[in-house]
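**Q** Here you go, one structure.
The values are calculated or read from the model by the stated rules, or taken from the named source; none is laboratory data. Everything numeric in this text was worked out from a predicted model, so none of it was measured. Here Cβ is always computed from backbone atoms with ideal geometry, including for glycine, and neighbour counts include all displayed protein chains.
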């Protein structure tokens with residue numbers, strides 16, 4: 001589950017579509033439309049990405 005950095009809404013992973021642009025990976029909160037940054041936390045050498053929210057302000 002992810003949490004919106006703006007409104008605090010808890011959002012199930014499946015409830016939003018992850019998007020990628022030149023600024024990186026993110027999802028848009030379904031409650032307030034805030035852009036929420038995601039980072040790849042996969043270990044070096046992993047084939048798949050593993051997305052997580054960064055700690056601290058985005």
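**Q** With respect to residue 48, determine if the residue is in a loop (DSSP other than H, G, I, E, B) and surrounded by 12 or more Cβ atoms within 10 Å (Cβ to Cβ).
**A** no
**Q** Which residues, counting only those in the stretch 31-45, are exposed (fewer than 14 other Cβ atoms within 10 Å of the Cβ) and at pLDDT below 95?
**A** 40, 41, 42, 43, 44, 45
**Q** Now, a different point. Can you tell me which condition residue 58 does not meet? The list is (1) surrounded by fewer than 10 Cβ atoms within 10 Å (Cβ to Cβ); (2) modelled with pLDDT under 90, and all the others hold.
**A** (1)
**Q** Another question about this same structure. Test residue 6 against the stated conditions and say whether it is surrounded by 12 or more Cβ atoms within 10 Å (Cβ to Cβ) and touching a strand residue (DSSP E or B) at 6+ places or on another chain (Cβ under 6 Å).
**A** Answer is no for this residue.
**Q** Can you tell me how many residues within the stretch 14-45 are touching a residue at least 12 places away in the same chain (Cβ under 8 Å), more than 9 Å from the chain's Cα centre (by Cα) and not in a loop (DSSP other than H, G, I, E, B)?
**A** Total meeting the criteria: 3.
**Q** Just one of 12, 1 is exposed (fewer than 10 other Cβ atoms within 10 Å of the Cβ) and touching a helix residue (DSSP H, G or I) at 6+ places or on another chain (Cβ under 9 Å); which is it?
**A** 1
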